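Input: a single structure, listed below in structure tokens.
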Amino acid sequence: MISFLNIFSSRRFCCFLFLSMPFTAEAEDIFSLSLEELLNVKFTTTSYFDETLSSTAMSVSSGSSQRWQEQGIRNISEWINTTPSAIVAPRFGQSGALAIRGYMNNSSNRGSAVRLDGVPLNKLREGSGVMELDGFNLATLDSAELIRGPGSAVHGNDAFNGVLSMQTLSPSQPLLRLNVETSTLNETAVSLQSHSIWNEHSLTLAAANRTIPDMEQDYRYKEYDSTALATSQREFARENQNLLLKYQWQQAQQRKLYVTGYWLNFDGDQLPGVGSNRRVSFQGDKDWSDYSSETALLKIGWQEHFNDQKSLEFSSYFWSNKDFLDLDLRHGAPNVPQVLVGETRSEEHSNAQLVFRNDGDEGTYWALGLEYRADKLTDYSETLTHSSGTVLIDDQKNIESGYKRDVHSVFVDGRLHVPQLRGELVYGLRVDDYSDFDRQLSPRLGWIQTLNSESVLKLLYGHAFRAPTVFELFGSNFTQSNFDLNPEQMDSLEFIYHRNTKQGYFTLTTFSNRWHDAIEQVPLSSPEGDFVNHYENTGENEAYGLEFEWQAQLHEWRLDVFANYVRSKKTDSNQHYDAFPHWMSGLGVGYQWSQHWDIFTSTRYYRRNAASYSTDPAFESQAASDFIRTDVTVQWKPTKALRLSLILRNASNRENY
């Protein structure tokens with residue numbers, strides 16, 4: 001099967017109206033964000049200590065609720081698409097697939113760790129944390145970070161190509177706010193946010209709903225009787241509901257208790273389907289799939305400070321997920337099984353973690369931690385209904401139901417300041433002992449050289465791994481199981497120049513990585529029954545590229561610029577992953593012409609050699625294409641209690657956006 005990783009759509013222009021009504025004084029105002037605040041954003045994902053953009057030893061981008069409002073961004077996928085060397089594109093049976101620094105193919109939904117308030121959300125069967133990515137409502141989030149490159153030394157499994165970390169709403173002042181949004185395409189969003197503080201206690205509540213209705217997304221398919229290209233439409237409709245509850249008790253700076261509860265419900269109708277190959281259209285003019293997911297999460301933690309330098313933190317989480325997939329194959333070519341496929345999957349995940357931190361003087365610090373993690377696929381059931389109406393399989397529990405994976409981990413993360421050389425040595429090591437395959441070691445090492453008060457050079461090495469998923473181990477109806485799979489391995493090298501100026505900052509990064517023992521689906525030399533392929537550790541891959549970021553603020557003007565060149569390929573066949581744009585650029589320009597009015601325009605351009613990619617020669621790639629899109633956000637804030645936003649998406653009304 002192939003999923004066409006297409007970021008284009010037929011819906012070309014829309015206008016949004018956003019209304020925000022704070023019933024308390026605004027704690028945060030996007031019109032008053034200072035350059036100093038932007039330069040000193042604290043990153044919490046790159047280490048077990050907070051870091052800034054100039055001090056971090058990873059390539060990372062950040063987004064915040066203030067910037068999302070400024071840019072008119074609706075969901076995490078749209079924000080990721082404004083960062084260098086990263087893209088989220090629609091994919092079969094889920095809201096999107098995330099690819100970082102190349103390697104865009106049918107497995108792009110795996111290899112990127114997804115975290116919410118430090119809780120890993122990647123699933124055991126699929127290995128993905130982005131299947132319901134559009135289900136995270138921005139009204140319940142405070143910020144997000146995207147690491148480009150290996151992160152296993154800090155986060156373990158799945159932090160292979162990168163890490164997406166989201167932080168839930170955390171106001172610093174009392175807040176009560178209602179947000180309402182509508183559009184010319186009948187899209188609606190409503191949310192309510194509140195934050196209360198009394199004595200040593202605080203309570204944060206948020207409830208949000210967003211509905212993206214029928215997008216009338218055009219797609220092409222091959223007619224099975226003539227192999228001619230035809231056009232049809234899918235809805236690509238998405239809806240989410242989120243609830244957030246956070247409680248915190250803090251006694252001065254000595255101890256803290258925190259509890260977070262999060263509930264997410266996502267429903268996607270007529271998302272992308274299986275697609276076509278050179279010989280057959282699997283779903284014909286109904287090439288779509290339906291996907292829904294429900295997640296409930298609870299995290300509790302305790303932090304004890306012994307003095308200004310030493311602290312101990314214990315945390316534990318539990319989350320469960322149940323999702324559903326419907327795939328209709330009853331409208332494809334006659335040689336395609338004429339069935340309606342229904343899958344139900346349930347998982348449970350829990351952990352306990354203990355971290356001791358020693359925050360020394362003058363940039364020298366270290367952390368030591370222990371973690372136990374338990375993941376279980378509690379149920380995986382399948383229903384097959386023939387086009388005649390006969391139920392071939394009725395909610396049958398598959399053999400992988402009940403599969404468990406336990407992981408015992410120990411990790412160290414630190415930094416050594418070397419004043420004689422005006423530099424810092426960054427180091428880290430994580431050891432993960434798995435119940436179902438060998439122990440994994442994930443080191444990282446870096447040197448940050450201070451050039452002057454404004455500039456630093458960084459030389460960074462990182463190693464990462466990705467464990468086989470349950471799907472890769474057990475296979476499916478046409479994919480044979482293979483329990484001899486080993487984890488994939490990646491080695492990465494980065495060289496970064498970063499400079500802070502009086503007007504902003506800019507960063508220039510060059511990177512190269514090697515991906516070993518890639519798990520790929522390959523044909524069986526001799527098909528066995530219905531099995532025609534299985535997964536093997538066969539692939540050797542590499543990627544390299546150059547990234548540039550520049551952000552500046554000049555009086556009333558704001559600039560946000562990025563550009564990157566990325567190439568990735570299979571080294572054994574010299575075949576490039578052409579579906580990933582090799583050229584990407586973005587230009588954001590903001591202007592505040594009065595205390596009450598602000599405008600921001602954002603333009604993105606992508607160039608790629610193909611619109612889809614598959615390692616199977618039977619599947620056809622779509623042709624090279626350009627992508628360009630301009631969005632305009634105008635905001636009016638007449639009083640502290642009212643903010644109106646007018647958002648024009650795809651303002652240039654282009655077909656390819």
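For the stretch 104-122, which residues satisfy the criterion of being touching a residue at least 40 places away in the same chain (Cβ under 8 Å) and open to solvent by less than 10 Å² (accessible area, probe 1.4 Å)?
Across the stretch 104-122, the qualifying residues are Met104, Ser108, Gly111, Ser112, Ala113, Val114, Leu116, Val119.
What number of residues within the stretch 111-166 are within 22 Å of Trp515 (Cα to Cα) and hydrophobic (A, V, I, L, M, F, W, C)?
Adding up the residues that qualify gives 12.
Suppose the filter is buried (at least 17 other Cβ atoms within 10 Å of the Cβ), of a type in the set (Asp, Glu) and in contact with a Pro (Cβ under 7 Å, 6 or more places away or on another chain); does Glu547 pass it?
Yes: the conditions hold for Glu547.
Answer with yes or no whether Glu70 is free of Cβ contacts under 8 Å to residues at least 60 places away in the same chain, surrounded by fewer than 24 Cβ atoms within 10 Å (Cβ to Cβ) and over 30 Å from Leu429 (Cβ atoms).
Considered against the rule, which asks whether it is free of Cβ contacts under 8 Å to residues at least 60 places away in the same chain, surrounded by fewer than 24 Cβ atoms within 10 Å (Cβ to Cβ) and over 30 Å from Leu429 (Cβ atoms), Glu70 comes out as no.
Please state which one of Leu340, Leu392, Leu429 is closer than 18 Å to Val154 by Cα, open to solvent by 50 Å² or more (accessible area, probe 1.4 Å) and either among the polar types (S, T, N, Q) or in contact with a strand residue (DSSP E or B) (Cβ under 9 Å, 6 or more places away or on another chain) (or both).
Result of the check over Leu340, Leu392, Leu429: Leu429.
So in the stretch 543-584, with the set limited to residues that are outside any strand (DSSP E or B) and hydroxyl-bearing (Ser, Thr, Tyr), which one is farthest from Tyr505 (Cα to Cα)?
This residue is Ser573.
Tell me which strands (runs of 3 or more DSSP E) are completely within the stretch 149-210 and hold 3 or more residues being buried (at least 22 other Cβ atoms within 10 Å of the Cβ) and in contact (Cβ under 8 Å) with a residue 60 or more places away in the chain, or say none if there are none.
162-168
Which pairs have Cβ atoms under 9 Å, sit 6 or more apart or on different chains, and link a residue in the stretch 330-354 that is part of a loop (DSSP other than H, G, I, E, B) to one that is surrounded by fewer than 16 Cβ atoms within 10 Å (Cβ to Cβ) and of a type in the set (Gly, Ala, Ser)?
From the stretch 330-354, the pairs are Arg330/Ser387; His331/Ser387; Gln338/Ser387; Gln338/Ser388.
Among (1) farther than 23 Å from Gln241 by Cα; (2) at pLDDT 95 or above, there is one condition Lys299 misses while meeting the rest; what is its number?
(1)
Working only within the stretch 475-491, note down all residues that are assigned to a strand (DSSP E or B) and modelled with pLDDT under 90.
If the condition is that a residue be assigned to a strand (DSSP E or B) and modelled with pLDDT under 90, then Thr479, Gln480 are the ones that fit.
Quick one: would you say Leu384 is more than 28 Å from Tyr434 (Cα to Cα), touching an Asp or Glu at 6+ places or on another chain (Cβ under 9 Å), hydrophobic (A, V, I, L, M, F, W, C) and open to solvent by less than 70 Å² (accessible area, probe 1.4 Å)?
yes
Within the stretch 362-386, which residues are touching a residue at least 40 places away in the same chain (Cβ under 8 Å), in contact with a Lys or Arg (Cβ under 8 Å, 6 or more places away or on another chain) and aliphatic (A, V, I, L, M)?
Hits for the stretch 362-386 are Ala367, Leu377.
With the requirement that a residue be surrounded by fewer than 22 Cβ atoms within 10 Å (Cβ to Cβ), of a type in the set (A, V, I, L, M) and modelled with pLDDT of 85 or more, what does the stretch 261-296 give you?
Hit for the stretch 261-296 is Ala296, nothing else.
Given the structure, is Glu494 outside any strand (DSSP E or B), surrounded by 21 or more Cβ atoms within 10 Å (Cβ to Cβ) and either among the charged types (D, E, K, R) or modelled with pLDDT under 90 (or both)?
Taking the combined requirement at face value, the residue does not satisfy it.
The values are calculated or read from the model by the stated rules, or taken from the named source; none is laboratory data. This one's a predicted model, so the numbers in the text were calculated from it and none came from an experiment. All Cβ positions, glycine included, derive from the backbone under ideal geometry; neighbour counts span all protein chains shown. These accessible areas exclude ligands, DNA and RNA; they are computed on the full protein's heavy atoms, side chains included. Shrake-Rupley method; radii C 1.70, N 1.55, O 1.52, S 1.80 Å.
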